[in-house]
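Down below is the structure, laid out as structure tokens.
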Amino acid sequence: MRNFRNLLALALLVTTSLEATAAPVFPTRPGRESNNANTTRLRVLTYNVQNLFDTEDDPSTSDDDFTPKGAQVWTERVLRDKIMNIGRVILESEADVVGLVEIENEAILKRLVSEGLKNAFPHMVLAATKDPRGIRTALISKHPIVSSQSHAMDRGPLNGRGTRDILEVALRLPNGAQVAAFVNHWPARSNEPTRPAQRTEAAKILSERMTATLRSNARALAVAMGDFNDELGDVPFERGMRLVDKIDDLVTGGLGSFFALDSELLSLKPEERGTHYFHPEKSWSTLDHMLVGAGSDAARNPLSARIKYKGGSIQVYRHSLVPTTGIPEGCEILGARGGRAPSNPRAACPKGSSDHLPVYADFEFVR
Ligand SMILES: [Ca+2]
């Protein structure tokens, strides 16, 4: 039954994902999940898993590098290592909900869950995408998914850009608390002068969608995560969203204001709070974030949301596969920029996971 429901959830999203559905994100009927004494903590992890492609050529996308004969010599052996290593990172993190970035398709998401994660995450959903390489955002969860929407990023400066949808997922926790999770992968940094404007538009879309969900669900907590390809002080966050300095400021900021949990890490050195290392400049960037917003009831009285952020819990997760250099490594062949050695392209990838570090934060149920 559980597998059938997963398939149904995926099928529903795949068939409806090209346009956001008009259905309410949260149905009004209360959940029937029983309370579980072990689930008072909700750990949310966001992870750009860097090019989780299968080994098959999809003729409709530019995935050709990631085939056994492609530039990345993407063999089953390499892929198997990558799946198991990403699974190990996620399992060791003890996360309950994971926002994933750079997932090629439904089949590879299912392999990650069944092989890498030993089916510990029975609920999953995948966004639509207009990315030329076909990569998508996704979410996996130990808690039931109530509904999901895939928000196209195709207006203003994003029109014709061909980027990843924002995935919105409604989750219901055992105490009935409602969480709306938004998984993002904004356009990459590059020298193209229009990129900041594209990401500012992405920020506006995210802000609007979070606000709309919180307006209709005053008791919900909204959590946005993913790879935003911007630092918190960058223009897209400054102009595209209304961020407050402290979580308590959400009360006065009200609906439409958001707090970046990783603001709590800004006093750390770049190498301590960085999530991605840019080899050409030998510098760290913090591109992966977690933002929260609260419905109007929760803003007036944060306890009414029945779930709240555990202050100080956010951290960049330095998992057991990170080398002693502190710089995370994936399974790509990148030459001087790390990864697999080009001299032996068919070799396995025993330590590779991703060039991004994951970030997690804890929330507490209020019973
Ligand atoms: Ca493929």
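Values as computed for the structure displayed
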quantity: Between 0 and 90°, nearest 10: helix 2-16 axis offset from the chain longest Cα axis; calculated: 90 degrees
quantity: Neighbourhood charge, 11 Å Cβ-Cβ cut-off, centred on Leu167 and excluding it, Lys, Arg +1 and Asp, Glu -1; calculated: +1
quantity: Hz values of 3J(HN,Hα) by residue in the stretch 257-268 - Karplus curve (6.51, -1.76, 1.60), Gly and Pro given as x; calculated: 9, 9, 10, 7, 4, 6, 4, 5, 9, 5, 7, 7
quantity: Residue-span extension gain [Leu268 to Lys310] - 0.36 nm each, minus C-alpha spacing; calculated: 13.2 nm
quantity: R0 of 22 Å, Cβ-Cβ distance Ser216-Asp154: FRET efficiency to nearest 0.05; calculated: 0.40
quantity: Least to most buried among Asp230, Asp57, Asp245 (fewest other Cβ within 10 Å first); calculated: Asp245, Asp57, Asp230
quantity: Ranking of His319, His151 by count of other Cβ atoms within 10 Å, fewest first; calculated: His319, His151
quantity: Of Lys204/Lys282; Lys142/Lys246; Lys142/Lys310; Lys69/Lys110; Lys142/Lys308, pairs whose Cα-Cα distance is over 21 Å; calculated: Lys204/Lys282; Lys142/Lys246; Lys69/Lys110
quantity: Linear extension gain, Asp248 paired with Glu76, 0.36 nm per residue minus alpha-carbon span; calculated: 57.0 nm
quantity: C-alpha long axis of helix 195-216 to longest principal axis of the chain, angle in °; calculated: 40 degrees
quantity: Choice from Ser60, Ser313, Ser93 with maximal GNM fluctuation in the chain (Cα, 10 Å cutoff); calculated: Ser60
quantity: The stretch 127-224: relative contact order as a whole-number percent, Cα under 8 Å and 6+ apart; calculated: 25 percent
quantity: The stretch 87-176: GluC sites (Glu not before Pro) falling in loop per DSSP and having at most 12 other Cβ within 10 Å; calculated: Glu94
quantity: Helical mean residue ellipticity (222 nm; -39500 (n - 2.57) per DSSP H run of 4+; nearest 500) of the chain; calculated: -6500 deg cm²/dmol
quantity: Distance (nanometres) between label positions extended 7 Å along Cα→Cβ at Glu56 and Asn119; calculated: 2.2 nm
quantity: In Hz, Karplus ³J(HN,Hα) per residue of the stretch 167-177 (6.51, -1.76, 1.60; θ = phi - 60°; x = Gly, Pro); calculated: 8, 10, 10, 8, 10, 10, 8, x, 8, x, 4
quantity: Gain upon complete extension [Glu192, Arg346; 0.36 nm per residue less C-alpha separation]; calculated: 52.0 nm
quantity: Distant-in-sequence amide H partners of Ser313 (H built 1.01 Å from N, under 5 Å); calculated: Asp362
quantity: Neighbourhood net charge (13 Å Cβ-Cβ; Lys/Arg +1, Asp/Glu -1) for Gln315; calculated: -2
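The numbers here are math on the coordinates, done by the rules we state, and not lab data. Keep in mind the model is a prediction, meaning the values are calculated, not measured. Cβ sites come from the backbone with ideal geometry, for glycine too, and all protein chains shown count toward neighbours.
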